[in-house]
Amino acid sequence: RASNGGQLICFLRDITEHIQAEKALIKSRGMLEETESLGKVGGWEFNIDTGKQTWTKGVYDIHEVDYEYDPTLSQGIDFYTQDSRPSITSAVKQAVEQSEPFDVELEIKTAKGNLHKVHAIGKPDLENRRVHGFFQDITERKTQEAQLLESEKKYRDLIHLAQEGIWVIDKNNLTSFANPSMAKILGYTAEEMIGKPLFDF
């Protein structure tokens, strides 16, 4: 009862579940951001009618822009290098006009001027007038692949040019590889030796 003789009515509401749901959401977002950072991945979407684009934190990080940056579709495409831009432009056009998903590996130039190899997957959702998808920085993987190919080439050249004979037999005693020197020693070409049993020689 209030001091002036009137009544004071109070309402109480249990918000325990609401607070717990908020905490769970915050934790989930934190895990998502950590996963994106570790995997150098992110998610994106754009509105077909307005061109407004939405990025997750991971996509901002890959493009090396601050989180206040408000991208549009055309601005997003402008990050792609001159060689890659026609491919992403065509992929987006087909997604919008023909509802075709895309999966491409291209190159962007970040806001800081760094070249990044990227993997972009897009899926049209014409009913809701949007295209959304996955974005990943694959620069490190592509660099490792290039180094591996170069290493394999040097290994193959070394084996091919070796003056010693090198001969590889599989578990069935069939020739799976012979370098030119081995073939010359045995009086064959390397191609003629492939698939022949060990005891034929």
Accessible-area value, residue 64, 1.4 Å probe, nucleic acids and ligands omitted, Å²: 50
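Using only the heavy atoms of the protein chains and a 1.4 Å probe, how would 108, 48 rank by accessible area, largest first? It would help to have the intermediate numbers written out before the result.
Values: 108 0, 48 30 Å².
So, going from the largest accessible area down, we get 48, 108.
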Rounded accessible area of residue 63 (nearest 10 Å², 1.4 Å probe): 10
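Using a/c under 1.5 as the rounded threshold, could you call the chain rounded, prolate or oblate? The axes a ≥ b ≥ c are square roots of the C-alpha gyration tensor eigenvalues, and prolate needs a/b larger than b/c, oblate otherwise. Can you show the working numbers first?
Working: a/c = 3.60, a/b = 2.50, b/c = 1.44.
Prolate shape, in that a/c is at least 1.5 and a/b is the bigger ratio.
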Residue with peak Gaussian network fluctuation, the chain [Cα springs, cutoff 10 Å], from 156, 13, 130: 13
Computed accessible area, residue 46, all protein chains, 1.4 angstrom probe, square angstrom: 10
Per residue value of the accessible surface for the chain (all protein chains in place, 1.4 Å probe), Å²: 71
Pairs from 112/153; 123/153; 142/184; 57/93; 57/117 whose Cα-Cα separation, in the structure shown, is over 29 Å: 112/153; 123/153; 142/184
Solvent-accessible ranking of 81, 50, largest area first, probe 1.4 Å: 50, 81
Residue among 180, 71, 86 with the largest mean-square fluctuation in a Gaussian network model of the chain, springs linking Cα atoms under 10 Å: 180
Label-point separation, residue 164 to residue 112 (7 Å along Cα→Cβ), nm: 4.7
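Rounded to a whole number, what % of the accessible area of the chain do carbon and sulfur atoms account for, probe 1.4 Å? If you can, show how the numbers build up before the last one.
Working: 7560 of 14280 Å².
With neighbouring chains kept in place, the figure for the chain is 53 percent.
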Peptide ranges 144-150, 121-127 listed from the most packed, as the mean C-beta count within 10 angstrom indicates: 121-127, 144-150
Heavy-atom SASA rank of 55, 167 (probe 1.4 Å, accessible area, largest first): 167, 55
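The values are calculated or read from the model by the stated rules, or taken from the named source; none is laboratory data. Please read all numbers here as calculations on a predicted model, not as lab measurements. Every residue, glycine as well, gets a Cβ built from its backbone with ideal geometry; the counts of neighbours run over all protein chains shown. SASA here: full protein model, heavy atoms, side chains in, ligands and nucleic acids out. Shrake-Rupley method; radii C 1.70, N 1.55, O 1.52, S 1.80 Å.
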